[in-house]
Structure formats: structure tokens, C-alpha cells
Amino acid sequence: MPVAAQHPTYQIRAVYDDATVTVYQAYAPALGVPAARDGRFPAAWKRERMTWIKPSFLWMMYRCGWGLKPDQETVLAVGISREGFEWALRHASLSHYVRGFHTDRTAWQQELRRSPARVQWDPERDLRLRPLAHRSLQLGLAGEASRRYADEWTVAIRDVTPLAHEIHGLVREGRLAEAGRLLPGERPYPVPEGLLGRVDPGGQGVGKDQVRIVKTPSSAAPADA
């Protein structure tokens, strides 16, 4: 049973600074270890396929089973430029049709085919990986977005598998307060005007505790987590 929401239903929460935002992925060690070592994705990382990034650490833990699922044993914290992150969101479409939000199913399908990115809102998770009532952003990147993510937007890659295992161990021992103190400090992401216009079905991408800023000019589950 989902826990009562303490956040707007659709809200981006992430670790970020003035220039970058952290997203998470999990890979087999053969790919994840060299990516973290070199701070960039290797040539073996397939830029032509869709890849999914998640700003929620706990949703990543749910997806990869605390880094224990096969081919997801290496958990990466990927620092990408906020400019790239927001470009992907601005050019994204919802991954599913929502009656009353989209004009009709055909229009949604046409938009989805044109979009280099897609958004999926899945239930956020608590420390025991139980679903919460509010949603967490999953951002799928394909084509131009996938290539730019790997070769332009990514500025740092860290292996956070030891952190995942440490938090998991504390959760298994029932030491939830200690586990919670180790979680990355995610906070509501400042949303530029109109950024989520095509991907916020609740019309509440900016909640009462989320900052709104006005920016001046300047499917199937993925194989990679």
C-alpha cells in the first residue's frame, strides 16, 4: 500500500549544483567499472540504443536491487550538465498516453516518434523500497539525446556501489535512521518556465515546495538500468 504523499505527485528531486545534476544508472562491471575509472562512457556503450537515467537514488536501488541484480552490479552516479538535462526534458514526450492531457492517441504517438527523449513517472521508493504515493522521474534518451548524454553532457562518473551496499546493510539490520543519513541529499529541482509542459500530466510539475524560475534566453523495461 503506497505511503501518503509528502511531495507533489510529479516533481523532479535530485542532487544538483549550479552547473550539474546527478543521475544514476547500473551496469555490468565490464562496462560500469571502466566508465567510473575513466569518467566517461567507453566505446562499448551503445550510443544508438535508448538509455534510461534516474535522478532518484532510491528508485535506482529498487531497479537494480541494491546493485545485486545480474548485469546491474555496478551502480554509477553520473554528473551531467544541467543544460543537457533540461534540453532532454524540453524535447521529451510522455512514454504513455494520458486521456485529457494529450489531444488524442494518434497525436501522442506522432509526438513520441519525433521525440529524442521520453519521460516516465514511477512511484518513488522508501528505504525498504516500498512504493510511495508521489512519483519519481525516469528519463529515457534515444538517438541524438543518447549520443549527447554520453559524449557531451556527462562531466563525471562515480562508482557508488559501495554506498549502495552500505545503506542496504543498514536497512537489513533495521538501522533506518543511520541508513537515511547516508542517502544523497536530493531536493526539488528548480524548473524553468515551461520545461515540463509536455510531460507533466498532473499540471503540477512545480509544487508548493518546488522552485519555479523563468529562464532567460541564453515501454519495455530498459536493459541498462
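Ordering Pro34, Thr106, Ala88 by Cα displacement along the dipole of the chain toward the positive end leaves Thr106 in first place; charges were set at the Cβ atoms of Lys, Arg (+1) and Asp, Glu (-1).
Separation of segment 137-163 from segment 55-110 is 11 Å, based on Cα centroids. As a ratio to 2.2 N^0.38 Å, the alpha-carbon radius of gyration for segment 130-204 is 1.49. Largest first, the extents of the alpha carbon coordinates of the chain on the three principal axes equal 48, 43, 34 Å.
Measuring r between the beta carbons of Thr103 and Glu166 and using R0 = 35 Å, the FRET efficiency lands at 0.15.
Bridge orientation summary for segment 44-153: considering DSSP beta bridges with both residues in this region, about 75 percent are antiparallel. Residue separation of Gln110 and Glu86 scaled by 0.36 nm, minus their Cα-Cα distance, works out to 6.5 nm of gained length. Share of antiparallel DSSP beta bridges in segment 89-160, in percent to the nearest 5? Counting DSSP beta bridges with both partners in segment 89-160, the antiparallel share is about 65 percent.
Every number here is computed from the coordinates shown, using simple stated rules; none is lab data. A quick note: this is a predicted structure, and the numbers were derived from the prediction, not measured. Because the Cβ atoms are built from the backbone with ideal geometry, glycine has one as well, and the counts that use them run over all protein chains shown.
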